[in-house]
Amino acid sequence: MMLQNLRQAISAAILADEDALLDQLIEKAQLTPAEQAATEVLATELINQLRSARRRRTGVDAFTQEYALSSEEGVVLMCLAESLLRVPDAETQDRLIRDKVAGRDWDRHLGRSDSTFVNASTWALMLTGQVVEAAQSGRWDFDAIWRSVAARLGEPVIRQAVIAAVRLLGRHFVMGRTMDEAIAAARPLMQRGYRFSFDMLGEAAVTRADATRYFERYRTAIHAIAKTWFSRTGSIFGRPGISIKLTALHPRFEYAKRRRVMLELIPDLAALIAEARDAHLPVTLDAEEADRLDLMLDVFGALGEERSLRGWDGLGLAVQGYQKRALPVIAWLAGLAEQQKRRIPVRLVKGAYWDSEIKRAQELGLEDYPVFTRKAGTDTSYIACVRALLAAHDRLFPQFATHNAHTMAVVQAIAHTNRDFEFQRLHGMGEALYEYYEDFSRSGGAGAPARIYAPVGSHEDLLAYLIRRLLENGANTSFVHRLANETAPVEKLIADPVERLKSVQPKRNPNIPLPADIFAGRRTAPGALLADPVAANRITSRMRTAFDTEQFSAAPIIGGKVCPRTEQARFDPADRTRPIGTASEATPDDARDALTLASAAQDGWDRLGGARRAEMLERAADLFQHNRRRLMALLVREAGRTVQNALNEWREAIDYLRYYALAARGSFETPEYLPGVTGERNELALRGRGVFACIAPWNFPLSIFTGQAAAALAAGNAVLAKPAEQTPLIAAAAVRIFLEAGVPGDVLHLLPGDGARIGQAILSDPRVAGVAFTGSTETAALINRQLAA
């Protein structure tokens, strides 16, 4: 029961109000006067020594300082590095290189760095850029110049030089292409006292074959480490180990596939980790995206119950401080350790997916973000987690991953005389900080041991990891970046983020709007995080209730009245024995009657004005939102959608309604491609054109059906709505909502049934002003023939 309550606390925190949560975290992270004084002394000492030592920057450190992400050139280089290794063909690679070096002010960077690496790179970029700028100014034809340069040097030479530079940049962060290379590179550092955690590069597996290949790579790595460090003596926490990404080991590692993942992944993964246990090598499950956390916790808890791993202290987990759930996750891990009678290593990181977490939350329409929107918020959360981990050090082995001198000093100040923990850094980052910290420890500073997180892999697997590292190094808020800036005062570098955050109002970043508010003038449809078991269970249970308690039917709706015809049972496409409702088809006479009524009503609808039409579309959007469980249930049962796809489509339908309501009001600049529309603030199409036949597809039976109808209605047209033959129940539910929202029955008509019969009845009629159609080329040809007739 205790663990269940702790899991509920994790779910409650995922999208918690940021200001309220940070107020709580500030209390937990607040340093005592003694801790504050100790932190300032050590942090100042570290920073002063780093700045006075010439070893403070590697070539890559200098490079990311000179080409920071605040500069146009820095962004261009990031885009080039991110894109170049993805491009499979030489011609496109050449075009990409030409595009990215054009029109940039490379020469302003020349000679500004004391790094030969940076200045050589700047010379190459500047010379290439001058060639391109000449072409852009019109003095020369660029293609001719490029052909001339390529004729002398060979275009492959230029291409391979740039690709080699990107790979060289990447290798700075990689310990070796193979385990043998990585182990050889690690030996000298291990002799100096560093511990290691090796990570096999590679992102999520897409196929079962991918997962099998990654399993073998991890197994090979475990055996290689065990062969090199074959002794089984010493604490498990001091041994070299391996980090594992669960997405690499299962192609569908997502909460919606929880049952499948638990059945398929746990046995093989437990066997793999048991091999590491036999070799006395610790294993850490690496942190990934926020929407995978709940499933990762399920897997982690289940592994600890496996007979081969029961009571073993070597299985650990990474926790991301930028997630709002970080502190509840640590509390759950402490409870799990007590229940499973083992000590759990916990690698505390700040987090490397912030940009994608923000974008993903906006895409999903979540009520808030799963991560903090200010760096000071993340730093405060991290310090609160430091205190929690050290308080539970009898059950958890703390591993603090940081490249920040202030954070390192905070950990030591809170730990006081306790040194039963370790620091961690990424290979290729923070070397100078850790070298001086090592010196400090040897000179009587009583420091803690340090572990290097060492990626292993070839350039094909490097890309995503490289971009995360460049973002960390190049971001203006990065400690590594600010340290290299000689003009940044030490006082700012060691400023307490908790104190800084206390004076900020609001504590959430106002420059990052909530997901619902990312578009000016309209709210996006609300989404849900189906990776959260509480949210997922709430939605699916309500959908089941809708089907258990409601009857679904579809029939022609003409003039606002349901016109029943011969009914036929409708069945779930995933289970053809399960009835989901009844439907009847419109006749050609129904279609002609609807056209007559719509034609007569269109002028009055048009003269009603865009603002009044917008009000009805906005009411429809609100009613769609209120009827989520019914519409999603229909999408799953009639269209065979997954729950996530049903949620996405329901949201898209609402967004269409609000978008076209804005257009009807003339509340934003009208797109240039709309015919007959001029000016910056116009009602969409200004005047209706007549009756529109809207023919929707089966694969987006709610969103496209709704969007077609909403666009035509917003512009002042009457609508004959023809749904796909496979999905009349969804269309009927949508039309009923339109009518409930106030759209006149003579303006909007529903004609379910055979598309060819209905099309032949109306499309050649001159009262049909246009057709909105999404479907097959055969049906498009039929529509064109009918309109031509």
Report summary line: On the formula 1/(1 + (r/R0)^6), with r taken between the Cβ atoms of Ile518 and Arg232 and R0 of 45 Å, the FRET efficiency rounded to 0.05 is 0.25
Query raised in the report: With all protein chains present, how much of the accessible area of the stretch 212-344 (probe radius 1.4 Å) comes from carbon and sulfur, to the nearest whole percent?
Result: 50 percent
Report summary line: Computed for the stretch 481-612: size of charge dipole around the Cα centre, +1 on C-beta of each Lys and Arg, -1 on C-beta of each Asp and Glu, debye to nearest 20, value 460 debye
Requested in this report: Could I have the simple spin-label model distance between Thr540 and Asp420, label points 7 Å from Cα toward Cβ, reported in nm to one decimal?
Outcome: 4.1 nm
Report summary line: Ordering 590-603, 424-437, 708-721 by per-residue average of other C-beta atoms within 10 angstrom, highest first, gives 708-721, 424-437, 590-603
Query - Dipole magnitude (debye, nearest 20) for the stretch 371-450, charges at Cβ of Lys, Arg, Asp, Glu - result: 300 debye
Report task. With unit charges on the beta carbon (Lys/Arg positive, Asp/Glu negative), name the residue among Ile580, Val562, Val534 whose Cα is farthest towards the positive pole of the charge dipole of the stretch 533-592. Result -> Val534
Report summary line: Carbon and sulfur atoms account, in whole percent of the 1.4 Å probe accessible area of the stretch 589-638, for 43 percent
Query raised in the report: Roughly what would the spin-label model give for Ala256 and Ala756, points 7 Å off Cα along C-beta, in nm?
Result: 3.5 nm
Query raised in the report: Looking at this model, which pairs from Lys28/Lys245; Lys28/Lys359; Lys359/Lys507; Lys561/Lys722 are more than 23 angstrom apart at the alpha-carbon?
Result: Lys28/Lys245; Lys28/Lys359
Query raised in the report: What is the distance in Å between the Cα centres of the stretch 528-556 and the stretch 220-295?
Result: 36 Å
**Report entry** Three-way shape label, the stretch 563-611, alpha-carbon gyration tensor, a/c 1.5
**Finding:** oblate
Query raised in the report: So how much slack lies between Gln8 and Thr32, counting 0.36 nm per residue of separation and subtracting their Cα-Cα distance, in nm?
Result: 5.5 nm
Query raised in the report: How large is the accessible surface per residue of the stretch 204-303, computed with a 1.4 Å probe and reported in Å² as a whole number?
Result: 39 Å²
Query - Per-pair calculated FRET efficiency, R0 = 41 Å: Glu275 and Asp572 via Cβ, rounded to 0.05 - result: 0.35
Query raised in the report: Hey, can you rank 332-338, 301-307, 343-349 by average C-beta count inside 10 Å, highest first?
Result: 343-349, 332-338, 301-307
**Report entry** Percent RCO, i.e. relative contact order, over the stretch 307-379, from Cα pairs under 8 Å lying at least 6 residues apart
**Finding:** 39 percent
Requested in this report: Quick one: compute a quarter of the convex hull surface over the Cα atoms of the stretch 336-401 and quote it in nm².
Outcome: 5.6 nm²
Report summary line: Taking Lys and Arg as +1 and Asp and Glu as -1, residues besides Ala376 with C-beta under 9 Å from its C-beta add up to +3
Query - Protection proxy ranking, peptides 223-231, 577-585, 732-740, average beta carbon neighbours within 10 Å, highest first - result: 732-740, 577-585, 223-231
Report summary line: FRET efficiency (Lys359, Arg592; Cβ distance; R0 60 Å; to 0.05) is 0.75
Query raised in the report: Taking Cα centroids, how far is the stretch 704-727 from the stretch 361-379 in Å?
Result: 36 Å
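The values are calculated or read from the model by the stated rules, or taken from the named source; none is laboratory data. Since this is a predicted model, take the numbers as computed values, not measurements. Virtual Cβ from ideal backbone geometry, glycine too; neighbours counted across all protein chains shown. In case anyone asks, the SASA skips ligands and DNA or RNA and just uses the protein heavy atoms, side chains included. Shrake-Rupley method; radii C 1.70, N 1.55, O 1.52, S 1.80 Å.
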